[in-house]
Amino acid sequence: MTTKDAQPSRRQLLTAGGAAVALPLLAACGGSGSPQQPAPTSGTSASSGTGGRLTAVSDVPVGSGVLVETPAGEPVVVVQPQQGTVRAFSAVCTHQGCTVAVKGGELDCPCHGSRFAAASGEVLQGPAPRPLPEVPVKVEGGEVVLG
């Protein structure tokens, strides 16, 4: 065997080098590497429990909403589209699991630009493929609770 035969070919070097560069780049594109809060992985959802306090109705601006956490630590947006009407949605974007932010009458995903209507959770602008899932809530004694 000659020295030339023992050395890797140019093609082998390029293939190995390309894989070494591509894997970290692909990992960086995943939703879980985002600085935003990823979707819960516990297998539970915000709607799985009832009775957990989320916020006071008086803390939810009319025509907008507030970002809160369930007692299990899951992000939820509580909205008051009109005085006395309270709804809640998962705050986890349906695109890649980042936590949305409340911007007036919209819920905006800072990761990839998806926008949702605060009053309904409907997609206003993609890339999110689906609306935000509604979380059942009710008002008890001026408090918004799961239910």
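Spin-label model, Glu143 to Glu69: label points 7 Å out along the Cα-to-beta-carbon direction sit 1.8 nm apart. The label-point distance for Val62 and Glu122, in a model that sets each label 7 Å from Cα toward Cβ, rounds to 2.3 nm.
About its Cα centre, the dipole of segment 48-146 is roughly 140 debye, where the only charges are +1 on Lys and Arg Cβ and -1 on Asp and Glu Cβ.
No lab work stands behind these numbers, since they all come straight from the coordinates. Treat the numbers as computed from the prediction; the structure is a model and nothing was measured. When we count neighbours, we look across all protein chains shown, and the Cβ atoms used for this are built from the backbone with ideal geometry, even at glycine.
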